[in-house]
Amino acid sequence: MARKKIALIGAGNIGGTLAHLAASKELGDIVLFDVAEGIPQGKALDLAQCAPVEGFDVNLKGSNDYADIAGADVIIVTAGVARKPGMSRDDLLGINLKVMKAVGEGIAANAPNAFVICITNPLDAMVWALREFSKLPHHMVVGMAGVLDSARFRHFLADEFKVSVQDVTAFVLGGHGDTMVPVVEYSTVAGIPIPDLIEMGWSTKERIDAIVARTRAGGGEIVGLLKTGSAFYAPATSGIEMAEAYLKDKKRVLPAAVHLSGQYGVDGLYVGVPCVIGAGGVEKVVEIKLNAEAQANFTVSVDAVKELLVACKAIDGSL
Ligand code: TXD
């Protein structure tokens with residue numbers, strides 16, 4: 001059976017890390033695409049020289065030509081600009097919307113059957129725009145944010161409870177931004193919901209609320225520390241988990257920015273909710289009942305996404 005093919009559109013901090021993770025896991029042959037000449041080619045060659053040491057057998061190619069993504073099974077999009085201190089994710093919209101138009105057209109022309117994972121910020125708007133520009137089926141285009149946000153939440157919770165990260169599950173909803181909704185009632189240690197753990201004296205509501213706030217601000221905390229860009233190791237790891245769910249038909253239940261067509265009372269937007277990802281792309285949207293507080297927070301998140309789409313349509317009349 002021929003190897004799978006993974007195309008990475010954007011060979012920057014996240015793109016290079018995606019390539020290394022995909023190669024180390026032998027997920028398939030890899031094409032690194034970028035508009036910057038030399039960067040994709042240099043990173044592909046450098047990564048290929050890891051192979052003898054790590055033992056992976058995949059082809060790595062760097063390219064500035066969309067024709068080289070032809071036939072990709074999975075495409076992960078990080079093309080665009082990243083935040084610097086003082087910038088919000090939404091500040092990136094004007095520049096990155098134009099990038100999504102070019103990327104969407106490149107995908108439509110060369111790899112229309114791919115499963116596309118968008119990472120570029122502002123994520124909830126960029127994944128929607130990428131789907132519009134590429135015209136791929138809605139269930140074959142998703143946004144990566146919830147896996148990262150829940151990974152951040154799970155890290156802080158495991159640290160708080162002094163338990164293995166493997167036994168901490170987290171549930172986040174909504175947009176990838178300050179309005180994201182970590183749902184503590186559905187977040188657990190080995191199936192024990194956080195409210196029960198608080199009653200058991202493992203933590204307090206105040207400490208958990210502080211962890212929720214730190215999770216919401218997780219991206220900005222790293223931008224403030226790095227100063228030259230934003231997080232890229234955990235975003236890349238999160239994107240690879242979604243790609244693997246598709247490539248291996250794992251039917252993972254993961255939080256992702258998916259197209260809603262009535263679920264959660266939302267129609268025509270991409271919003272972060274739990275979904276099942278397998279060989280059919282987004283195979284199912286998991287629609288849970290939300291308590292009043294979670295519903296209110298989710299509605300704030302949805303309204304923030306709607307405002308981003310209004311901004312997109314004001315910039316590009318074709319949307
Ligand atoms: O959870 C999430 N979704 C977020 C997403 C987590 C972290 C970072 N988030 C966003 O991902 C971030 O705000 C950026 O919008 C993207 C990529 O972040 P990265 O850190 O990888 O940015 P880099 O290192 O600047 O890389 C971007 C690359 C760079 O090499 C550019 O030359 C290239 O994108 N680029 C393009 N490639 C193809 N086509 C076009 N038009 C283009 N423009 C720039």
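The values are calculated or read from the model by the stated rules, or taken from the named source; none is laboratory data. A quick note: this is a predicted structure, and the numbers were derived from the prediction, not measured. Note that each Cβ is placed from the backbone with ideal geometry, even for glycine, and that neighbours are counted across all protein chains shown. To get the accessible areas, we keep the full protein, side chains included, count just its heavy atoms, and leave off ligands, DNA and RNA. Shrake-Rupley method; radii C 1.70, N 1.55, O 1.52, S 1.80 Å.
Descriptive notes on the structure:
- Checking each residue in segment 13-39 for being farther than 18 Å from Asp68 by Cα and either open to solvent by 40 Å² or more (accessible area, probe 1.4 Å) or within 6 Å of the ligand (Cβ to nearest atom) (or both) picks out Asn13, Ile14, His20, Leu21, Ser24, Lys25, Glu26.
- Note on segment 71-91: among residues that are within 11 Å of the ligand (Cβ to nearest atom), surrounded by 21 or more Cβ atoms within 10 Å (Cβ to Cβ) and not in a loop (DSSP other than H, G, I, E, B), the one that is modelled with the lowest pLDDT is Arg89.
- Among the residues of segment 40-59, those that are open to solvent by less than 30 Å² (accessible area, probe 1.4 Å) and either away from the ligand (no atom under 11 Å from the Cβ) or in a loop (DSSP other than H, G, I, E, B) (or both) comprise Ala44, Leu47, Ala51, Phe56, Val58.
- Search result, residues across segment 136-152 that are out of contact with any Phe, Trp or Tyr (no Cβ under 7 Å at 6 or more places or on another chain), away from the ligand (no atom under 13 Å from the Cβ) and part of a helix (DSSP H, G or I): His138, His139
- The residues of segment 174-188 that are in a strand (DSSP E or B), crowded, with 21+ Cβ neighbours inside 10 Å and away from the ligand (no atom under 15 Å from the Cβ) amount to a single one, Val181.
- Count of segment 99-132 residues which are open to solvent by 20 Å² or more (accessible area, probe 1.4 Å) and either among the basic types (Lys, Arg) or out of contact with any Phe, Trp or Tyr (no Cβ under 9 Å at 6 or more places or on another chain) (or both): 7
- Complete set of residues in segment 101-127 that are more than 13 Å from the ligand (Cβ to nearest atom), touching a strand residue (DSSP E or B) at 6+ places or on another chain (Cβ under 9 Å) and in a helix (DSSP H, G or I): Asn110
- Ala234 being within 16 Å of the ligand (Cβ to nearest atom), outside the structural domain of Gly94 (by the TED database) and within 20 Å of Arg131 (Cβ to Cβ): no
- Residue match in segment 270-279 (condition: open to solvent by 10 Å² or more (accessible area, probe 1.4 Å) and over 30 Å from Lys25 (Cβ atoms)): no
- Residue that is farthest from the ligand (Cβ to nearest atom), among those in segment 1-11 that are open to solvent by 30 Å² or more (accessible area, probe 1.4 Å) and at pLDDT 95 or above: Arg3
One line per residue, one yes/no per condition, for (1) in contact with a Lys or Arg (Cβ under 6 Å, 6 or more places away or on another chain); (2) under 15 Å from Ala51 (Cα atoms):
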residue: Ile9; (1), (2): no, no
residue: Ile14; (1), (2): no, no
residue: Ala19; (1), (2): no, yes
residue: Lys25; (1), (2): no, yes
residue: Val31; (1), (2): yes, no
residue: Asp34; (1), (2): no, no
residue: Glu37; (1), (2): no, no
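- Qualifying residue in segment 257-269 (condition: at pLDDT 95 or above, open to solvent by less than 30 Å² (accessible area, probe 1.4 Å), in contact with a helix residue (DSSP H, G or I) (Cβ under 7 Å, 6 or more places away or on another chain) and more than 16 Å from Leu173 (Cβ to Cβ)): no
- Subset of segment 196-211 [surrounded by 19 or more Cβ atoms within 10 Å (Cβ to Cβ) and among the β-branched types (Val, Ile, Thr)]: Ile208, Ile211
- Cβ pairs under 8 Å, 6+ apart, first in segment 217-237 and free of Cβ contacts under 8 Å to residues at least 40 places away in the same chain, second away from the ligand (no atom under 11 Å from the Cβ) and not polar (S, T, N, Q): Ala217/Asp178; Glu221/Arg214
- Residues satisfying the criterion are present in segment 160-170 (criterion: within 24 Å of Val223 (Cα to Cα) and within 16 Å of the chain's Cα centre (by Cα)).
- Candidates are the residues of segment 218-231 that are more than 10 Å from the ligand (Cβ to nearest atom) and open to solvent by 40 Å² or more (accessible area, probe 1.4 Å); the one that is nearest to Phe156 (Cα to Cα) is Glu221.
- When Pro193 is tested against (1) more than 13 Å from the ligand (Cβ to nearest atom); (2) in the same structural domain as Gly265 (by the TED database); (3) buried (at least 24 other Cβ atoms within 10 Å of the Cβ), only condition (3) is not met.
- Failed item, numbered, when Ser164 is tested on (1) within 12 Å of the ligand (Cβ to nearest atom); (2) farther than 30 Å from Val310 by Cβ: (1)
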